[in-house]
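The values are calculated or read from the model by the stated rules, or taken from the named source; none is laboratory data. For clarity, every value in this text was computed on a predicted model and none was experimentally measured. When we count neighbours, we look across all protein chains shown, and the Cβ atoms used for this are built from the backbone with ideal geometry, even at glycine. All accessible areas refer to the heavy atoms of the entire protein, side chains included, with ligands and DNA or RNA removed. Shrake-Rupley method; radii C 1.70, N 1.55, O 1.52, S 1.80 Å.
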Amino acid sequence: MMDGEVAPAKINLAQDILFRRSDNYHEVAMVMASIDLSDYLTFELIPEDKIIVETSRAFLPEDNRNHAYQAAQLMKKLGNIKTGVHISIDKRIPVAAGLGGGSTDAAAVFRKLNTLWDINLPLNELQTLANQVGSDVAYSIAGGTALVEGRGEKIRQIQPIPKCWVILAKPAISVSTRKIFKQLEIERLNYEPNAPKVLKALESGSYEDLMAAIGNSLESVTFNQHPQLAQLKKQMHHFGADGVTMSGSGPTIIGFTQVHSRGQRIYNALRGFCKEVYMVRIMPEINDAFKDI
C-alpha cells in the first residue's frame, strides 16, 4: 500500500552568519518559514531488505548522496528494520535554489518512516537524529515559523508571519551552499544582524516592521558571484513588493505583499525575467505527525 507525505519548501526571513565555530561549522541565527510550495513523497514498504529512492528529476542522485536516502538509512538502522522501503519523490521545489528542497524531503522521510515502521520517536529526538543528515533538516521536521540557531540544531517555534503573499523568483542558475560558505569571509561582512529585528517585528505583529527587518548576510557573497540577482532584487522592489530578500544561499529572490492583485502583477512582471516564478502562502507548523507520540 502506498502512503504519501507533503514536503514544504522554506524561506529565510533572516539569515545571520555570526562566526566560524571550532568544528568548522558556522554559528547562525535564522528565522525560517514554511511555504505551500511542496515536493510530494510516496512510500511503499517492501519485503526486500533495501532502500529504493526515485525522483522526478533525472539529474538528482538516488543513492546515499541523496538526503532522503540517508534519512531512510538512519531510520532503518535505528529501528533494526529488516525489510525495506520504496520512496518516490515528485520534485516541485526548484533544486539548488535556497528553498531547502533536499532538507524537506529528508524531513518527510523521517516523519513518515517514524510512523510506518512504528519507531515512534518524539519530535525532539527525531530532530536530533536529523542533524546527522543536514543543517536544515531538523527545522524541516516540524516546519512553521521558527528561530533556528547554532549550526541548525537549536529550534524555537515563534509567532507566525502576518498574512501575506510571497513571490519567489528563481533564475536559471544553481548555487552551491557549500561553495558560498567556502568563499564567505565573515570579518569582511559589513552587516547588521537581521534576526533580532525580525523577531521583534513578529512579536509585535507589525507587517511593516517585518518588511523593514528582513535580510540575508549571504547576499553580498552570492550577488558578487551572480550580479544579475542584485538586479532581480531591484526589479522586484520596482514592481511593488513591500520587502525583498534572498532565501538561503540563493539564488531565489523572495518578495512580499498583503494585496493579492499586487502579488499577481509582480508575478506576471517577473515571468519575463525568470522561468521559475511562484506565488505562495505561508504554512503552519507540521505537528500532527507527533500528537500521539
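Comparison of Glu48, Glu27 shows that the only residue that is outside the structural domain of Glu208 (by the TED database) and at pLDDT 95 or above is Glu48.
The set of residues in region 224-249 that are buried (at least 20 other Cβ atoms within 10 Å of the Cβ), more than 17 Å from the chain's Cα centre (by Cα) and within 20 Å of Arg178 (Cα to Cα) contains only Leu229. Does region 138-153 contain any residue that is closer than 21 Å to Asn64 by Cα and in contact with a Phe, Trp or Tyr (Cβ under 8 Å, 6 or more places away or on another chain)? Checked region 138-153: at least one residue is closer than 21 Å to Asn64 by Cα and in contact with a Phe, Trp or Tyr (Cβ under 8 Å, 6 or more places away or on another chain). For region 109-129, enumerate the residues that are among the hydrophobic types (A, V, I, L, M, F, W, C) and closer than 18 Å to Ile81 by Cα. Val109, Phe110, Leu113, Leu116, Trp117, Ile119, Leu121, Leu126, Leu129, listed by residue number.
Being touching an Asp or Glu at 6+ places or on another chain (Cβ under 7 Å) and assigned by the TED database to the domain that holds Asn194 is the requirement here; does Met236 meet it? Even if it seems obvious, please write down each step before you answer.
Numbers: touching an Asp or Glu at 6+ places or on another chain (Cβ under 7 Å): no; assigned by the TED database to the domain that holds Asn194: yes.
In short, no.
Looking only at region 46-75, residues that are under 16 Å from Ala106 (Cβ atoms) and open to solvent by less than 30 Å² (accessible area, probe 1.4 Å) come to 8 in all. On the stretch given as region 48-82, residues that are of a type in the set (A, V, I, L, M) and touching a Gly at 6+ places or on another chain (Cβ under 8 Å) total 3. Of all the residues in region 154-186, those that are part of a loop (DSSP other than H, G, I, E, B), surrounded by 15 or more Cβ atoms within 10 Å (Cβ to Cβ) and out of contact with any strand residue (DSSP E or B) (no Cβ under 7 Å at 6 or more places or on another chain) number 3. Tally up the residues in region 88-124 that are surrounded by 23 or more Cβ atoms within 10 Å (Cβ to Cβ) and over 20 Å from the mean Cα position of the chain (by Cα), please. Final tally of qualifying residues: 2.
Residues are listed down the side, and each one gets a yes or a no for (1) among the hydrophobic types (A, V, I, L, M, F, W, C); (2) at pLDDT 95 or above; (3) in contact with a helix residue (DSSP H, G or I) (Cβ under 7 Å, 6 or more places away or on another chain):
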{"position": "Pro251", "(1), (2), (3)": "no, yes, yes"}
{"position": "Phe256", "(1), (2), (3)": "yes, yes, yes"}
{"position": "Gly263", "(1), (2), (3)": "no, yes, no"}
{"position": "Ile266", "(1), (2), (3)": "yes, yes, yes"}
{"position": "Ala269", "(1), (2), (3)": "yes, yes, no"}
{"position": "Gly272", "(1), (2), (3)": "no, no, no"}
{"position": "Val277", "(1), (2), (3)": "yes, yes, yes"}
{"position": "Arg281", "(1), (2), (3)": "no, yes, no"}
{"position": "Asn287", "(1), (2), (3)": "no, no, yes"}
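Among the residues of region 7-35, none is identified as under 16 Å from Gly102 (Cα atoms) and open to solvent by 70 Å² or more (accessible area, probe 1.4 Å).
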